[in-house]
Amino acid sequence: MNHPTITVVGSFAVGMTIRTDRMPVFGETLRGSDFDMGPGGKGSNQAVGAARLGASAWFAGIIGQDKLGDIAVDLYAAEGVNTRYLHRTEKMATGVGFIILNQAGENGIILDMSANRLMDAAFVDGVESQIARSDLVASVLEIPVEAAARAMALGRRHGVRTLLNPAPAAPLDESILQNVDVLTPNETELRILLGLPPDDPTPTPELAHRLQEMGARTVVVTMGHAGALILDDGIQTQVPGVGVEVVDTTGAGDAFNAGLAVALSEGRDLVEAVKFANCCGALACTRLGVIPALPDRQAVERVFEANFEA
């Protein structure tokens with residue numbers, strides 16, 4: 001197995017998770033349980049996920065000069081993520097997220113991305129030489145859009161495959177999408193990207209096709225337990241999901257994107273790469289928390305063999 005180089009231009013935040021029966025209404029206090037605090041941020045999670053799957057993972061981001069920032073430094077040292085392009089600042093605190101889980105494993109999240117908001121195109125220009133020698137460059141929308149857009153543009157400039165996980169979603173200009181090789185929204189994000197209500201009834205394949213018309217080469221829509229929908233070169237394919245006992249869905253999308261980035265960079269075709277990514281996302285649902293739930297290579301290969309090679 002080769003070890004592809006994946007560079008993630010993205011976000012870090014410390015996640016604070018608590019479980020309760022339902023979401024509170026304003027003014028209400030509920031009892032919770034299973035409190036957990038640990039490293040998060042979609043970009044960071046995806047870099048760690050890629051490293052666990054065997055890639056040479058590089059993370060470019062901004063954290064604060066505070067104790068929460070120390071959590072990031074310790075994490076990357078433990079997971080083998082290269083931090084040459086990790087910047088610490090005294091201007092803002094490290095990002096933080098508050099996550100509420102219900103008993104079904106569904107979640108609601110409130111974020112203050114803080115230091116992540118300092119990322120801009122000039123910061124990403126400083127990562128250009130690393131992007132140029134990567135097999136794939138990935139980004140997310142927890143950082144300013146201009147930073148994510150610049151990462152995609154630099155990848156395209158140097159012939160490096162680009163992957164954008166548009167979360168949290170916001171409408172994107174066609175000039176940004178035209179530099180995206182693989183766009184990975186979920187069904188809600190897909191609609192928001194097009195300026196529609198999150199529950200717009202238009203069929204998902206039709207909306208994914210619109211994003212392709214706007215410039216995204218390949219659109220992979222994640223659909224939870226239903227798997228993923230692929231639109232590529234005029235071909236539409238539905239890849240089935242992997243059944244698991246769901247404990248916590250919080251890190252599923254990040255595990256999926258890490259798996260997709262690694263599988264594509266290793267040379268798997270798109271359908272096989274999405275199958276691999278589905279296994280990653282499913283495994284991430286079986287444990288509480290995000291970093292503890294990101295799967296290693298052996299676990300993913302076992303699930304892949306059981307579900308797609310039988």
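For region 25-67, which positions are more than 19 Å from Ala115 (Cβ to Cβ), touching a helix residue (DSSP H, G or I) at 6+ places or on another chain (Cβ under 9 Å) and small (Gly, Ala, Ser)?
Gly49, Ala50, Ala51, Gly54, Ala55, Ser56, Ala57
Could you list all residues from region 206-220 that are surrounded by 14 or more Cβ atoms within 10 Å (Cβ to Cβ) and more than 20 Å from Ala151 (Cα to Cα)?
Answer for region 206-220, where residues must be surrounded by 14 or more Cβ atoms within 10 Å (Cβ to Cβ) and more than 20 Å from Ala151 (Cα to Cα): Leu207, Ala208, His209, Arg210.
Conditions (1) within 23 Å of Ala151 (Cα to Cα); (2) surrounded by 21 or more Cβ atoms within 10 Å (Cβ to Cβ); (3) hydroxyl-bearing (Ser, Thr, Tyr), marked per residue:
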residue: Gly38; (1), (2), (3): no, no, no
residue: Lys42; (1), (2), (3): yes, yes, no
residue: Asn45; (1), (2), (3): yes, yes, no
residue: Gly64; (1), (2), (3): yes, yes, no
residue: Leu68; (1), (2), (3): no, no, no
residue: Asp74; (1), (2), (3): no, no, no
residue: Thr83; (1), (2), (3): yes, no, yes
residue: Asn107; (1), (2), (3): no, no, no
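Of all residues in region 48-87, how many are among the β-branched types (Val, Ile, Thr) and in contact (Cβ under 8 Å) with a residue 40 or more places away in the chain?
Kept after step one, since they are among the β-branched types (Val, Ile, Thr), are these residues of region 48-87: 48, 62-63, 71, 73, 81, 83.
Add one more test, that the residue is in contact (Cβ under 8 Å) with a residue 40 or more places away in the chain, and what stays is 48, 62-63, 71.
Of the residues in that region, 4 qualify.
Considering only region 7-29, I want to know if a residue exists there that is in contact with a Phe, Trp or Tyr (Cβ under 7 Å, 6 or more places away or on another chain), in a strand (DSSP E or B) and at pLDDT 95 or above.
Yes; the residues of region 7-29 include at least one that is in contact with a Phe, Trp or Tyr (Cβ under 7 Å, 6 or more places away or on another chain), in a strand (DSSP E or B) and at pLDDT 95 or above.
Just name the residue that is nearest to Phe276 (Cα to Cα) out of those in region 188-233 that are among the acidic types (Asp, Glu) and either touching a Cys at 6+ places or on another chain (Cβ under 8 Å) or in a helix (DSSP H, G or I) (or both).
Here the answer is Glu189.
Taking region 251-292 only, how many residues are out of contact with any helix residue (DSSP H, G or I) (no Cβ under 8 Å at 6 or more places or on another chain) and under 26 Å from Phe35 (Cα atoms)?
Residues meeting the conditions: 3.
Among the numbered criteria (1) within 20 Å of Leu211 (Cβ to Cβ); (2) surrounded by fewer than 22 Cβ atoms within 10 Å (Cβ to Cβ), which one does Ala148 miss?
(2) is the only condition that Ala148 fails.
The values are calculated or read from the model by the stated rules, or taken from the named source; none is laboratory data. What you see is a predicted model, and the numbers here were worked out from it, not measured in a lab. Glycine also receives a Cβ, built like all others from the backbone with ideal geometry; neighbour counts cover every protein chain displayed.
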